[in-house]
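Below: one structure, written as structure tokens.
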Amino acid sequence: MQPIHKLLSRIRWDPRFRAGRFDVGYFDRLDRRVITVPFESLRFPVGTPAMFEIWDDDGTLRRIPFHRVRRVMRDGRVIWERHPVGG
């Protein structure tokens, strides 16, 4: 399986690969569930290579480390998935 940082980088920078709709599912520690968001809503801050940022529905900026990403979908189909340890 391709490391998540390489897949996210490829979606960001490879114009041929990024054709289509991408969604990212990450584990939310407070809600104890996977939340899926559109890739285009993610922000990748300079100087923090192992996380992305996203504004949630109540206007709070969330910083999500890559190790909490559970799945990536392209046009509704899972193309990458990480199962929790012991799961």
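The values are calculated or read from the model by the stated rules, or taken from the named source; none is laboratory data. No experiment lies behind these values; they were computed from the predicted model shown. No Cβ is skipped: glycine too gets one built from the backbone with ideal geometry, and neighbour counts run over all protein chains shown. Surface accessibility is based on the protein's heavy atoms, side chains included, excluding ligands, DNA and RNA. Shrake-Rupley method; radii C 1.70, N 1.55, O 1.52, S 1.80 Å.
Structure summary
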{"item": "Average accessible surface area per residue within the chain, 1.4 Å rolling probe, Å²", "result": "68 Å²"}
{"item": "Estimated inter-spin distance, residue 77 and residue 60, nm [label 7 Å along Cα→Cβ]", "result": "3.6 nm"}
{"item": "Computed [θ] at 222 nm, helices only, for the chain once each DSSP H run of length n ≥ 4 contributes -39500 (n - 2.57)", "result": "-3500 deg cm²/dmol"}
{"item": "Under Karplus coefficients 6.51, -1.76 and 1.60, residue-wise ³J(HN,Hα) of segment 33-50 in Hz, glycine/proline x", "result": "8, 8, 10, 9, 10, x, 4, 5, 8, 7, 10, 10, x, 5, x, 10, x, 10"}
{"item": "For Rg and Dmax of the Cα atoms in Å, calculated from these coordinates, the label among [x] 13.0, 44; [y] 12.6, 36; [z] 13.7, 41", "result": "[y]"}
{"item": "Order by protection proxy (mean Cβ within 10 Å, highest first), peptides 10-17, 48-55, 65-72", "result": "65-72, 48-55, 10-17"}
{"item": "Solvent-accessible area, 1.4 Å probe, carbon plus sulfur percent, for the chain", "result": "52 percent"}
